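Chemist: After the structure tokens below, expect a handful of questions from me.
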Amino acid sequence: MVRMKLKQIIIILCLLAVGLSSTADKNSDHNYSVTRNMEIFSSIYKHLDMMYVDTLDADVTVGAGIRAMLRSLDPYTEYYPPEEVKDLKTLLTGKYAGIGALIKHDMRNECVIIDEPYEGMPAAEAGLKKGDVIVAVDDTLMKGKTVSEVSAMLRGEPGTSFILKIQRPQPLSGKSKTMKIKVTRRSIQLPCVPYYGLLPQSGDEKVGYLLLTQFTDDCARDVRRALVDMRSQGMKSLIFDLRDNGGGSLNEAVKIVNMFVRKGETIVNTRGKLKRSFNEYKTTSEPLDTVMPIVMLVNRNTASASEITAGSLQDLDRAVILGTRTYGKGLVQIPVDLPHDASLKVTISKYYIPSGRCIQAINYKHTGGGYKENIPDSLTHEFKTRGGRTVRDGGGIKPDVEMKGDSLASITAGLFSTGADSTEVVTQYVVNYVAKHPTIAAPSEFRLTDADYDEFKAMVINSGFKYDLGTGKMFDELVKVAQIEGRYSEAQAEFDALKAKLSNNLPADLDRHREVIQSLLEENIVTCYYYQRGAAESMLKYDKQVARALELLKDKEEYGKLLGK
């Protein structure tokens, strides 16, 4: 018996030795491979630096090598050279020091203008307005400079002041007014909850609406305050808007989920290579409400911490998710300081929400490295929510109710997309409208009249505005294919008739797409009076996804069925 035990012990020790030897061999091979490739890389650069026909710029050449190396990994591991580290800090904190205004390049006048001052920020307090042309910062002229260059001049240390020289259009007189304004920079952080309130169209149901745009530090505190305020006004159910929210702090996401689920729930697990990357995130506080019906709005740009929030509430059968499939970011990054004040944002783990699924969509781990297309649905796996509903990993969060938002027609995208319209007719119209109207109605009530829209329509037609129809491009491709295949000549009459129907008809297209164009015009105008909060409130009256969410919250039976109750 003793011999048998001794024999078993010897066998186990031998197996352990083999295993340790195998691990040691693997580690040794890995270390040798790292050393060998680093020596080769260093040798290549030394020879290039010494022998190449042109003098190398080390920052450019080595920087390109670093970025090429990172491209073989996942999309979120990024290198920040010293001059870009401030961008990383702004990304992580949502804070920067400056005047608090969105600026843009005016293509018509080839200058940089104020596009949107933010409420309560130095630009707004100094009286800057949409359309103001930035002429100089102190004694430095801004003519010919890019938006990035002007932005760098406007930013600086909190508390520092400068003289901003602007030209303000005077539409009523047709002239412009030159002004010098003293502006003092300070730390800027945009509100994470730009708007919340009870929806007037909800009637006695008293449905609350909350827009969360980013998961910055302490955003959960602002969400809690908004919820408490709406509950005090009689809120019975909630529409929580996470559309276009790119995420941020994982801890803030857990705190927000905690407002709707009981204390002690596991919301997220993270797992990686290092011991410190293994973490379990649980709710730690008593919730605000565990029964109030919730519809959460998501779209393709809902990512990261937003997906943790939406996915966790879906897994726990606590909210109905409405919209389109989310981005699918299931990886966690941390910043790492590098020598010479550079920095690296590196992926250290994957996260898993309550059902156990990871919603990472991009297939970055494959033969050859780098990132490719999304993981196909056929290769994803089934998981179960707390109530037994089927959900899947990979590919982001799939909504319980799929509903696409409004897509922009070519004419609408041409008018409102930054840098798309060389005539800047929308900016001209908005500046003119504001000059003629010292005040306007509340955001939820403001509407452009038929006469207002006719005036805008005339401005667009007379401005020389051009736009490309997607159907026109597809038609040109069809013609090329038909000519290659020798079928164009026999069907030329039909092609000519189709071309006539597909050609641009600016007045007709302005009428055909009036609802969306007018809603965006109203949003731009309302922003000049009521800032971000007004813009968000103004768009609610046109929002078809919000209208569907309202219907769902009023239909208790349908809401319950979606959650498997």
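The values are calculated or read from the model by the stated rules, or taken from the named source; none is laboratory data. Keep in mind it's a predicted model, so treat the numbers as computed, not measured. Neighbour counts run over all protein chains shown; Cβ positions are idealised from the backbone, glycine included. Accessible surface areas use protein heavy atoms only, side chains included; no ligands, DNA or RNA. Shrake-Rupley method; radii C 1.70, N 1.55, O 1.52, S 1.80 Å.
Chemist: Amide H of Thr302: which non-local residues (sequence gap of 5 or more, or other chain) have their own amide H closer than 5 Å, using H built in the peptide plane?
Modeler: Correct list: Asp244, Asn245, Tyr327.
Chemist: Spelling out what I want: for every residue of the stretch 405-414, take phi, set θ = phi - 60°, compute 6.51 cos²θ - 1.76 cosθ + 1.60 (Karplus), and round to whole Hz; glycine and proline get x.
Modeler: Calculated HN-Hα couplings, in order: x, 5, 8, 8, 5, 4, 5, 5, 4, x Hz.
Chemist: For Cα pairs less than 8 Å apart in space and 6+ apart in sequence, what is the mean separation divided by the residue count of the chain, i.e. the relative contact order in percent?
Modeler: Values: 964 pairs, mean separation 68.3, N = 565.
Relative contact order comes out at 12 percent.
Chemist: To continue, here is another question. Grab the beta carbon distance between Lys561 and Lys206, set R0 = 30 Å, and tell me the FRET efficiency rounded to 0.05.
Modeler: Between Lys561 and Lys206 the formula returns 0.85.
Chemist: Also: Keeping every protein chain in place, order Phe456, Phe278 by accessible area at 1.4 Å, biggest value first, i.e. largest first.
Modeler: My answer, sorted largest first, is Phe278, Phe456.
Chemist: Counting only heavy atoms of the protein chains, get the accessible area per residue of the stretch 199-298 (1.4 Å probe) and round it to a whole Å² value. Mind dumping the intermediate values first?
Modeler: Numbers: 4630 Å² over 100 residues.
Here the per-residue accessible area is 46 Å².
Chemist: Need one number: nm distance between label points at Ser232 and Met69, each 7 Å from Cα along Cα→Cβ, rounded to one decimal.
Modeler: 5.5 nm
Chemist: Let me ask another. With a 1.4 Å probe and all protein chains left in place, how much accessible area per residue does the stretch 477-537 have, in Å²?
Modeler: 60 Å²
Chemist: Cα atoms only, the stretch 72-126: Rg and Dmax in Å?
Modeler: Rg, Dmax (Cα atoms, Å): 15.6, 47.
Chemist: Oh, and also: Any idea which of Leu506, Asn269, Met107 is furthest toward the positive side of the dipole for the chain, if Lys and Arg beta-carbons carry +1 and Asp and Glu beta-carbons -1?
Modeler: Asn269
Chemist: Something else about it: Restricting things to alpha carbons, find the Rg to Rh ratio for the stretch 290-445 using the Kirkwood radius for Rh.
Modeler: Reported Rg/Rh, Kirkwood definition of Rh: 1.11.
Chemist: Using 0.36 nm per residue, how much length does the chain from Arg155 to Lys273 gain when fully extended, once their Cα-Cα distance is taken away?
Modeler: Details: separation 118, 0.36 × 118 = 42.48 nm, distance 3.89 nm.
Full extension of this stretch gives 38.6 nm more.
Chemist: Carbon-plus-sulfur fraction of the accessible area of the stretch 417-565, 1.4 Å probe, in percent?
Modeler: Looking at the stretch 417-565 in its full context, I get 52 percent from C and S.
Chemist: Another one. Probe 1.4 Å, all protein chains in place: accessible area of Glu557 in Å², nearest 10?
Modeler: For Glu557, the solvent-accessible surface is approximately 120 Å².
Chemist: Could you work out how far the C-alpha centroid of the stretch 549-565 sits from that of the stretch 386-419, in angstrom?
Modeler: So the separation of the two Cα centres works out to 20 Å.
Chemist: Oh, and also: Students sometimes get this wrong: rank Asp132, Asp496 by accessible area, probe 1.4 Å, all chains present, largest first.
Modeler: Of Asp132, Asp496, the descending order of accessible area is Asp496, Asp132.
Chemist: Which value, in debye to the nearest 20, describes the size of the charge dipole of the chain about its Cα centre when Lys and Arg Cβ atoms bear +1, Asp and Glu Cβ atoms bear -1, and nothing else is charged?
Modeler: Value, rounded to 20: 2000 debye.
Chemist: Here is a further query. Work out from phi, with θ = phi - 60° and the Karplus expression 6.51 cos²θ - 1.76 cosθ + 1.60, the ³J(HN,Hα) of each residue of the stretch 176-190, listed in order in whole Hz, and give x for Gly and Pro.
Modeler: Going residue by residue, I get 10, 10, 8, 9, 10, 10, 7, 10, 10, 5, 7, 5, 10, 9, 5 Hz, with x marking Gly and Pro.
Chemist: Can you tell me which of 314-327, 99-112 comes out highest on packing, and rank the rest after it, using the mean Cβ neighbours within 10 Å?
Modeler: 314-327, 99-112
Chemist: How big is the chain on each of its three principal axes, counting only the C-alpha atoms and giving the largest first in Å?
Modeler: 106, 75, 73
Chemist: Can you give the relative contact order of the stretch 255-307 as a percent, counting alpha carbon pairs under 8 Å and 6+ residues apart? Intermediate values should be presented prior to the final figure.
Modeler: On the way: 62 pairs, mean separation 19.7, N = 53.
Normalised by residue count, the contact order of the stretch 255-307 is 37 percent.
Chemist: Right, here's the next one. Sorted from largest down, give the three principal axis spans of the alpha carbons of the stretch 122-239, whole angstrom values.
Modeler: Principal extents (largest minus smallest coordinate, Cα): 56, 38, 22 Å.
Chemist: Quickly rank 200-209, 391-400 as a protection proxy: mean count of other C-beta atoms within 10 Å, highest first. List each step's numbers first, then the result.
Modeler: Values: 200-209: 16.2, 391-400: 22.0.
The most tightly packed comes first, giving 391-400, 200-209.
Chemist: To continue, here is another question. Kirkwood hydrodynamic radius for the stretch 49-173: how many Å is it when counted over pairs of different Cα atoms?
Modeler: 17.5 Å
Chemist: Take the Cα coordinates of the stretch 462-565, assign each an equal point scatterer, and use the Debye formula without solvent to give log10 I(q)/I(0) at q = 0.10, 0.13, 0.24 Å⁻¹.
Modeler: Here log10 of I(q) over I(0) equals -0.61, -0.78, -1.20.
Chemist: Also, I was wondering about something else. First compute the accessible area of the stretch 243-331 with a 1.4 Å probe, then give the percent of it belonging to carbon and sulfur atoms.
Modeler: That fraction is 47 percent.
Chemist: Set the Förster distance to 35 Å, then compute FRET efficiency between Ser444 and Leu379 from the Cβ-Cβ distance, nearest 0.05. Don't skip to the end; give the middle numbers.
Modeler: Working: r = 46 Å, r/R0 = 1.31.
Working from the Cβ atoms, E equals 0.15.
Chemist: Taking only protein heavy atoms into account and a 1.4 Å probe, give the accessible area per residue of the stretch 326-444 in Å².
Modeler: Using a 1.4 Å probe on heavy atoms only, each residue of the stretch 326-444 averages 50 Å².
Chemist: Taking the dipole about the Cα centre of the chain, with the C-beta of Lys and Arg at +1 and of Asp and Glu at -1, give me whichever of Thr178, Val257, Gly144 is farthest to the positive side.
Modeler: Looking along the dipole axis, the top candidate is Val257.
Chemist: List the relative contact order of the stretch 141-265 as a percent without decimals, with contacts defined as Cα pairs under 8 Å and 6+ residues apart.
Modeler: Averaging sequence separation for qualifying contacts and normalising by length gives 19 percent for the stretch 141-265.
Chemist: Apply 1/(1 + (r/R0)^6) to the Cβ-Cβ distance of Ser42 and Asp511, taking R0 = 56 Å, and write down the FRET efficiency to the nearest 0.05.
Modeler: Details: r = 65 Å, r/R0 = 1.17.
That gives a FRET efficiency of 0.30.
Chemist: Sticking with this one: Could you run the Karplus curve 6.51 cos²θ - 1.76 cosθ + 1.60 with θ = phi - 60° over the stretch 331-343 and give me ³J(HN,Hα) per residue in whole Hz, x for Gly and Pro?
Modeler: 10, 10, 10, 10, x, 10, 6, 10, x, 6, 6, 8, 8
Chemist: Starting from the residue with the highest accessible area, list Ser407, Ser285 in decreasing order, probe 1.4 Å.
Modeler: Ser407, Ser285
Chemist: Calculate the dipole size of the stretch 124-257 relative to its Cα centre from +1 charges on Lys and Arg beta carbons and -1 charges on Asp and Glu beta carbons; express the result in debye to the nearest 20.
Modeler: 600 debye
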